[in-house]
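See below for the structure under consideration.
All of the numbers you see were taken from the coordinates with simple rules; none came from a lab. This is a predicted model, so every value here is computed, not measured. In this analysis, Cβ positions are derived from the backbone assuming ideal geometry, glycine residues included, and neighbour counts consider all displayed protein chains.
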Ligand code: URA
């Protein structure tokens, strides 16, 4: 459901954004940045339930030894929007669901502002297991988990991928640029439009950046609409 202008303003306020000034953020052409998703993985032929089971019993990296449970992702398996974060934290590890803490609440508000919800989008992470003490994912852990995410992308076939935060964006785009350099312009992942924005946990610490994040969401909305035309 698309929110009315009134609702949108209320959601923006809930996100901590006082005024919304429409801006043209059309940026460079979609094809400018490309990153191929490798389809030929051992998770390649799995259906959604097989994939879920496979993830639940995964022992491909050392995080299997310390996790409480895997966090497969949540939402609509046919979503237009795929939101990708970093990795489960302590609360996510306990509950088996991504983005359930304070950052998750802000993500919910951001989704509401664009007329989406936790049920209409799909939310996943680079890693399906919690790194101890919330340390950054190691390269081998991200590589071991990558095929699960790639299979999720293939099955969902989203119209837009929103990478939230540095870890998600760098892993997905295969670079080590800061978010400030990756955001506000279109990227692609396996032909699917991808937009980078700030991680909600960062936005909680730096609320002045919420306005930029809102403009990233608007860009993502435009790309999703173009992609489906
Ligand atoms: N929770 C998640 O599931 N992912 C993040 O990136 C942060 C918190």
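Here the ratio of the Cα radius of gyration of segment 37-115 to 2.2 N^0.38 Å is 1.23. Taken along the Cα-to-beta-carbon direction at a fixed 7 Å, the label points for residue 105 and residue 65 span 3.6 nm. Take every DSSP beta bridge whose two residues both sit in segment 31-169; close to 20 percent of them are antiparallel. Computed from Cα atoms alone, the Kirkwood hydrodynamic radius reported for segment 75-229 is 15.3 Å. Quarter the surface of the alpha carbon convex hull of segment 102-185 and you get the mean projected area, 6.4 square nanometres.
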